[in-house]
Amino acid sequence: MRYLNMRKQAASSASWVKDKHKVDSILTANADKNFVKRIKTPDQYPKMDLGNGDSATHKMAWGEDDKGAAYVYPTIVHDTVTNSLKQLNNQEAWQHAIKNKEYIKFNDTKEADWFSRKYKAVWGKQYWDEQ
């Protein structure tokens, strides 16, 4: 039984490393976007109090256009003038994302959904395991 648990942990670690590299690659390709900067360097941005001792620099959503392309975008946006964060509903967030080019485009919904859940891998395995 102990050997089996060690194999599962090793497989989980290998999967996390693979996902982390994929996430890193996607984030690097989109490094100019404000929400990506907040993902990569959250300590350099304000945090939003979510209650219960939790805080966030962003939350992610994804949607699909009428051509089947999928987009990941933040629902917490950064006002660079006031250096504050604001939670938007999905419709407002989508409109903000399109207007400000604050999204990452994916070929399909499966990839967008995967990224919207796994992007926290860049912060460490413990965040990847939560998803």
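The values are calculated or read from the model by the stated rules, or taken from the named source; none is laboratory data. Bear in mind that the values here come from a model prediction, so they are computed numbers and not experimental data. For neighbour counting, all protein chains shown are included, and Cβ atoms are generated from backbone atoms with ideal geometry for every residue, glycine included.
Read through the list (1) in a helix (DSSP H, G or I); (2) at pLDDT 90 or above, then give the number of the only condition that V17 fails.
The number of the failed condition is (2).
Taking segment 48-58, which residues are under 15 Å from T80 (Cα atoms) and either assigned to a strand (DSSP E or B) or modelled with pLDDT of 85 or more (or both)? Steps first, answer last, please.
To start, the set of residues in segment 48-58 that are under 15 Å from T80 (Cα atoms) comprises 48, 57-58.
Correct list: M48 only.
Across segment 59-112, what is the number of residues that are closer than 21 Å to M48 by Cα, outside any loop (DSSP other than H, G, I, E, B), within 15 Å of the chain's Cα centre (by Cα) and hydroxyl-bearing (S, T, Y)?
1
Working only within segment 45-98, note down all residues that are in contact with a helix residue (DSSP H, G or I) (Cβ under 8 Å, 6 or more places away or on another chain) and among the polar types (S, T, N, Q).
If the condition is that a residue be in contact with a helix residue (DSSP H, G or I) (Cβ under 8 Å, 6 or more places away or on another chain) and among the polar types (S, T, N, Q), then T57, T75, T80 are the ones that fit.
Do the conditions hold for K22, that is, is it out of contact with any strand residue (DSSP E or B) (no Cβ under 7 Å at 6 or more places or on another chain), basic (K, R) and modelled with pLDDT of 85 or more? It would help to see each step written out before you state the result.
Numbers: out of contact with any strand residue (DSSP E or B) (no Cβ under 7 Å at 6 or more places or on another chain): yes; basic (K, R): yes; modelled with pLDDT of 85 or more: yes.
Judged against the criteria, K22 is a match.
Against the condition within 23 Å of N89 (Cα to Cα) and either modelled with pLDDT of 90 or more or of a type in the set (S, T, Y) (or both), how does Y45 come out, does it pass? Step through it out loud before you land on a result.
Working: within 23 Å of N89 (Cα to Cα): yes; either modelled with pLDDT of 90 or more or of a type in the set (S, T, Y) (or both): yes.
Yes; evaluated as a whole, the condition is true for this residue.
Would you say D24 is among the charged types (D, E, K, R), in contact (Cβ under 8 Å) with a residue 60 or more places away in the chain, surrounded by fewer than 17 Cβ atoms within 10 Å (Cβ to Cβ) and not in a strand (DSSP E or B)? Quick ask: steps written out before the conclusion?
On the way: among the charged types (D, E, K, R): yes; in contact (Cβ under 8 Å) with a residue 60 or more places away in the chain: yes; surrounded by fewer than 17 Cβ atoms within 10 Å (Cβ to Cβ): yes; not in a strand (DSSP E or B): yes.
Yes.
Filter segment 27-41 down to the residues that are out of contact with any Asp or Glu (no Cβ under 8 Å at 6 or more places or on another chain) and in a helix (DSSP H, G or I), then identify the one that is nearest to K99 (Cα to Cα). So that I can check it myself, show each step before the final result.
So the first thing to find is which residues in segment 27-41 are out of contact with any Asp or Glu (no Cβ under 8 Å at 6 or more places or on another chain), and the list is 27-32, 36-41.
Now narrow it down to the ones that are in a helix (DSSP H, G or I): 27-29, 36-40.
Details: L27: 20, T28: 22, A29: 20, V36: 16, K37: 18, R38: 19, I39: 20, K40: 22 Å.
Across segment 27-41, the extreme among qualifying residues is V36.
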